[in-house]
1. Taking residue 252 as meeting all but one of (1) under 27 Å from residue 328 (Cβ atoms); (2) surrounded by fewer than 19 Cβ atoms within 10 Å (Cβ to Cβ), write down the number of the exception.
2. So residue 99 fits all but one of (1) assigned to a loop (DSSP other than H, G, I, E, B); (2) within 26 Å of residue 346 (Cβ to Cβ); (3) at pLDDT below 95; what number is the exception?
3. Is it true that residue 216 is crowded, with 22+ Cβ neighbours inside 10 Å, over 23 Å from the mean Cα position of the chain (by Cα) and small (Gly, Ala, Ser)?
4. Out of (1) touching a strand residue (DSSP E or B) at 6+ places or on another chain (Cβ under 9 Å); (2) not assigned by TED's automatic domain parsing to the domain that holds residue 148, what's the single condition that is false for residue 111?
5. Out of region 265-287, which residues are assigned to a loop (DSSP other than H, G, I, E, B) and either crowded, with 22+ Cβ neighbours inside 10 Å or within 28 Å of the chain's Cα centre (by Cα) (or both)?
6. State yes or no: is residue 143 free of Cβ contacts under 8 Å to residues at least 60 places away in the same chain and outside the structural domain of residue 346 (by TED's automatic domain parsing)?
7. From 113, 162, grab the single residue that is farther than 26 Å from residue 250 by Cβ, modelled with pLDDT of 95 or more and not β-branched (Val, Ile, Thr).
8. Within region 168-198, restricting attention to residues that are buried (at least 16 other Cβ atoms within 10 Å of the Cβ) and of a type in the set (Phe, Trp, Tyr), which residue is farthest from residue 158 (Cα to Cα)?
Amino acid sequence: MKDEPTLNQRTSLEVVRSLGEAALSAARELGILDRKSRIESTDTEVIIPLSKLPSEKELASLKSRLISLQISNHSFKCRKLRPSNLLEAVDDKLPPHLLGALPHSYDIIGNIAIVEMPENLLAYGHIVGEALMRLNPHVKTVITKAGPVTNTFRLRSYTSLAGEQSTLTQYSESGCVFRLDPRKTYFSPRLSYERRRIASNVKRGEVIVDMFAGVGPFSIVAAKLGNVRKVYGVDINPEAVSFMLQNVLVNRLRGRITVVLADVQETSVDLLSHSADRVIMNLPMESLVFIPRACNILKREGGVIHFYAFVSEKISREAILKILKEKIESTSRSIVGIEATRIVKGVAPREWQVAVDVRIA
């Protein structure tokens, strides 16, 4: 049996229905609208909850804007207010000394929230998870990172905090839809700007090879927004490739994207040699290792490599660019120019992911 709604006894502003909108606007402007109670109406009247009895000045203002009104008392149903931040959402359920440890940011992928929890908050994970779902009503599952991205498939472990156990979800971006499972595939919503940026640089009729395509976000956004001739999405993870195939169909890009299950270093990928105008290398932890393969995939007359790497106080951007230049020149290719460099996102204290667009001859 459902609980009866709580009632608040409040001062009320009662007007005929035709004046309802004007009365509500006036109460808002005067700062006397009670936002914790629900506005009510009858066949003939609108009854607006007020936070206090209007002063003489406020009452005069109301009367100057409304032909007729009545100030009375009324029992209003409580209105559930959505919290504006995580601190409000946890309410008083956390010990005060832990409030400062609450995460300041989190990722939302479809109906899943992924939050990084400090060690001292893990025991209160369910409280934080429930609070995140109150703050984001469309979120059905909250998980926390339980380790770094590891292995060839770029996966990490997660621990469930609240909500449903399933981590299968659907995410929308730039008019595209992506089905994925963060436990089985790598995906970052924080790269959405990068995906649009690369797509905006694509020229008519280009061939693109996405060397570490995952579930296909770079490939699909480029094919959807750019006037490409063909995109090849390559990945070594069978689960990611399965999702990529689904995403190609869902986004109606069959024929424009070819999905390849393979290690880009394998001889089976030799079929892509000298085929691409543009190569995407979203594997920042190991991208330098694959530069020779990227240079081999570019057309003989050259093209652009979108290169990603991590930089820090120990390994500077300049140091990465120097190694990148040496790697490219070791393949008998040459750099025509660096078209863009930018910090994509912070990944740890004093560590960042950077993007480098390099044109190669």
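1. Checking residue 252 against (1) under 27 Å from residue 328 (Cβ atoms); (2) surrounded by fewer than 19 Cβ atoms within 10 Å (Cβ to Cβ), the one that fails is (1).
2. That leaves (1) as the condition not met.
3. For residue 216, the condition - crowded, with 22+ Cβ neighbours inside 10 Å, over 23 Å from the mean Cα position of the chain (by Cα) and small (Gly, Ala, Ser) - is not met.
4. Exception for residue 111: condition (2).
5. Within region 265-287, the first condition is being assigned to a loop (DSSP other than H, G, I, E, B), and the residues that meet it are 265-266, 273-275, 277, 282-286.
Once the filter is applied, which keeps residues that are assigned to a loop (DSSP other than H, G, I, E, B) and either crowded, with 22+ Cβ neighbours inside 10 Å or within 28 Å of the chain's Cα centre (by Cα) (or both), region 265-287 yields 282, 283, 284, 285, 286.
6. Working: free of Cβ contacts under 8 Å to residues at least 60 places away in the same chain: yes; outside the structural domain of residue 346 (by TED's automatic domain parsing): yes.
In short, yes.
7. Numbers: 113 fails: farther than 26 Å from residue 250 by Cβ.
Of 113, 162, the one residue that is farther than 26 Å from residue 250 by Cβ, modelled with pLDDT of 95 or more and not β-branched (Val, Ile, Thr) is 162.
8. 178
The values are calculated or read from the model by the stated rules, or taken from the named source; none is laboratory data. As the structure is a prediction and not an experimental result, all values here were calculated from the model. We place every Cβ from the backbone using ideal geometry, glycine too, and count neighbours over all the protein chains shown.
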